[in-house]
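Quick notes on the structure that follows.
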Amino acid sequence: MDPAQPNKPPSHRGENIGGKYDSQGPRRLFYGWYIVAAATLAGTIQSAVFNVGAQALVLPLIREFNVTRTAVSFAFSLRRLEGALTGPIEGYLIHWIGPRRYMVIGWVIFGLGFIATGLCQNIYQFYLAFLLVTLGQSVAGFLPIVAVLINWFDRWRGRTIAIYQLGNSFGAVLVPVLAWFILNAGWRQTMVVVGIAVIIIGIPLALVMRPHPESYGFLPDGADPTDIETDRVTTENSAAPNTGLSLDSDPTVSQALRSRNFWFLGLSHSAGITAWGALQVHQIPALVDIGINELTAASILSYTLIIAALGRLIGGFLGDVVGTKKVTAIAFIAQGIGIAVLALATTMTQVLIFATVFGIAFGTRGTLMTVLRAEVFGRRNFSRLAGWMDPISSVFVLISPIFAALIYDSVGSYKWAFLVLAVVNASGALLLIGVRVPNRRSATLPG
C-alpha cells in the first residue's frame, strides 16, 4: 500500500496493511521500516558533518582568524544553549506543523548555515553562521525523528530507536573523510559543498517521514487492523486516531509537567549526559596528559562513539525483553564506572577499558532513556514534553566542561573533576527509582 494515499480503504482483501498480508495478497515490508532507514541515514549525515565532525573545524578556524581555542570553543558551547532556549518551542511546532514539513525546513536551514559558515570573514560572523547550523540540525534532527518513530513503533520501539541512533556511530566513521577534505580542499570550500549536499540529501529523507501510521492505513509495529478497531484520519497534522492504542490515558502536557515522573526523568537524563558534556571538550586533552599523542587520542574518541553502536543495539533489544527501566539503571552505573576508570587511568590498557565500558553504556543509556520517556508519557505529547526537558539537561551540559576546566586549572589534573562527574552520572540510576512506568500495552494491544 502506498502511504501517500491516505484515503484508500485499509481493509481490501489482498492488500498489505502494516506489514501483514492475507492468503490472496503478497507480503510487503511495513512502511515504518522505511522511516527507520531514512532516520538512520539522517543521523549518520548529521553526526558526520556536525555532531562529531564539527570538531575538525576547530584548528583551521584558529589559524584562519588568529583567535584562541576558548574563542572557538564558545561557538560549540552555544549548541547546548540553543537547545535550552528552543527545546520547548520545538516540541509544540512539531506537534502543530507536523514532523515532515518541520524537518524539510530544518534541512534547508542546516544547509544554508554551512554555506554561511564557508563564507564568513571573522569569528563573529562564524558565531552567527554556526548558530544557524545548530538551529537547522535541531529542527531536522533528534526530536522530530524520534517523535515519528515512537508513533510508528510500540513493541519494537527500543530496537527501532537503537537502529536510528546507530547513525551517530556511522557518522563518527566518516569524520576522517570530512577532516581530509577540510585539510586538502580548504575548510571554506568544504563547508559550502557540505551545505549544498545536506539540502539535496536531507529534503528527500524528510519527505519519507509520516506523523502517524493510522493516518495512512497502518498500525504501530505493522499490527493487523482486523484485531483493533480503527478510526482513521486523513490529515497529516491531526492527532493520532483511536486504534486501540488509546491516547486517552496519555497525560496532558500540564499534567506531565506537574508530575514526579517528569522531574525524576528530566534530572536522571541530565545526570546521564553531564559527564559526556565534559568529555566532548576534555577527553582528548585528558588522554594527552596521560602521554598519548593527539592523533591516537582522537582515534580513541572515535572508538568510544563507534563502540556505542554496540551499546545501542544491546540496549534496544534488552530493553524490549528485560524492561527499559532496569537496563537503563544498569547503563547509568556502568557509565559512571567507565568515567572513574578514566579519572584514574595511567596506561593505554586502562584507557581502552574506559572507552569500551563507557561507550557501550553510553549507547545503551541514550537509546533507552528515549524509550523510557515514551513509555511514561505516551505518544501524543512526546515531542512537547521532550522539548520541555531540554532546558534542564542543557544547563548541566553547559556547566560540566567549565567545571572540569576549573578543576584542571586549580590542581593540574582532571582526576577529581572526572570522579565527581562519575558519581553524578551513576546517581541517574537512583533517580530512576522515582519514575513510575504505566503499563499501557497490556491494556490496549490484543494478545
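Considering the zone a paramagnetic label at residue 196 would reach in this model (a point 7 Å from Cα along the Cα-to-Cβ line), which residues of the range 115-135 have amide N under 12 Å from it?
Correct set: 115.
Round to a whole angstrom and tell me the spacing of the C-alpha centers of the range 350-401 and the range 257-284.
6 Å
Which value results when the Cα radius of gyration for the range 249-439 is divided by 2.2 N^0.38 Å?
1.05
For the range 38-53, take each phi angle, set θ = phi - 60°, evaluate the Karplus expression 6.51 cos²θ - 1.76 cosθ + 1.60, and give the result in whole Hz per residue in order, putting x for glycine and proline.
Using θ = phi - 60°, the values come out as 5, 5, 5, 5, 4, x, 4, 5, 5, 5, 5, 9, 9, 4, 10, x Hz.
Please work out the FRET efficiency for the pair residue 288 and residue 353, using the Cβ-Cβ distance as r and a Förster radius of 30 Å; give the result to the nearest 0.05.
With R0 = 30 Å, the Cβ-Cβ based efficiency is 0.95.
Quick one: length gained pulling residue 296 to residue 177 fully straight, 0.36 nm per residue minus the C-alpha distance?
Length difference between fully extended and current span is 41.2 nm.
Treating the beta-carbon of each Lys and Arg as +1 and of each Asp and Glu as -1, no other charges, what is the dipole magnitude of the range 249-439 about its Cα centre, to the nearest 20 debye?
740 debye
Any idea how far apart residue 346 and residue 189 come out in nm if each label point goes 7 Å out from Cα toward Cβ?
If labels sit at residue 346 and residue 189, their model points lie 4.9 nm apart.
What's the FRET efficiency of residue 92 with residue 402 using the Cβ-Cβ distance as r and R₀ = 41 Å, to the nearest 0.05?
0.85
Taking θ as phi - 60°, what are the ³J(HN,Hα) couplings along the range 203-216 by the Karplus curve (6.51, -1.76, 1.60), each to the nearest whole Hz, with x for Gly and Pro?
For the range 203-216, the Karplus-derived couplings read 4, x, 5, 5, 5, 5, 5, 9, x, 9, x, 4, 5, 10 Hz, x marking Gly and Pro.
What distance in nm separates the two pseudo spin-label positions at residue 411 and residue 122, each 7 Å out from Cα along the beta-carbon direction?
4.2 nm
A short reminder: the numbers here are calculations on the coordinates, not readings from a lab. Treat the numbers as computed from the prediction; the structure is a model and nothing was measured. Positions of Cβ are generated from backbone atoms using ideal geometry, with glycine treated the same way; all protein chains shown enter the neighbour counts.
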